[in-house]
Amino acid sequence: MNPFYEMGKMMIFFGIILVLFGLVLTLGAKIPLIGRLPGDISYHRGNFHFYFPLGTSILLSIVLTLILWLIRR
C-alpha cells in the first residue's frame, strides 16, 4: 500500500483529535460538573490554591477508553 495514503489517514485522525480538543478547551467551562466531580482535590490556604482534578481525569480516561475501544472494534 502507498505510504502516503497511510500518512494521510493518520494526519486526518490527528486533525480531528485536535479539533475535538479545541472544542473541549473552548466549551469546557460550559459543560456541567466537569472539574467539580467527587474526588477532585481542591486546597485553599491564603493566596495559595491547589487543584487536582482526579475524579474528572478518571472519568475522561474511562470515556476515551470506551470510545477508542469502539473505534478499533
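Scanning the range 19-63 for residues that are among the basic types (Lys, Arg) and either modelled with pLDDT of 85 or more or in contact with a Lys or Arg (Cβ under 9 Å, 6 or more places away or on another chain) (or both) yields one hit, Arg45. Residues of the range 39-52 include at least one that is part of a loop (DSSP other than H, G, I, E, B), touching a helix residue (DSSP H, G or I) at 6+ places or on another chain (Cβ under 8 Å) and either free of Cβ contacts under 8 Å to residues at least 40 places away in the same chain or not charged (D, E, K, R) (or both). In this structure, Ile41 does satisfy being surrounded by 10 or more Cβ atoms within 10 Å (Cβ to Cβ) and more than 17 Å from the chain's Cα centre (by Cα).
The values are calculated or read from the model by the stated rules, or taken from the named source; none is laboratory data. Note that this is a predicted model, so its numbers are computed, not measured. Cβ: placed from backbone, ideal geometry, glycine included. Neighbour counts: every protein chain shown.
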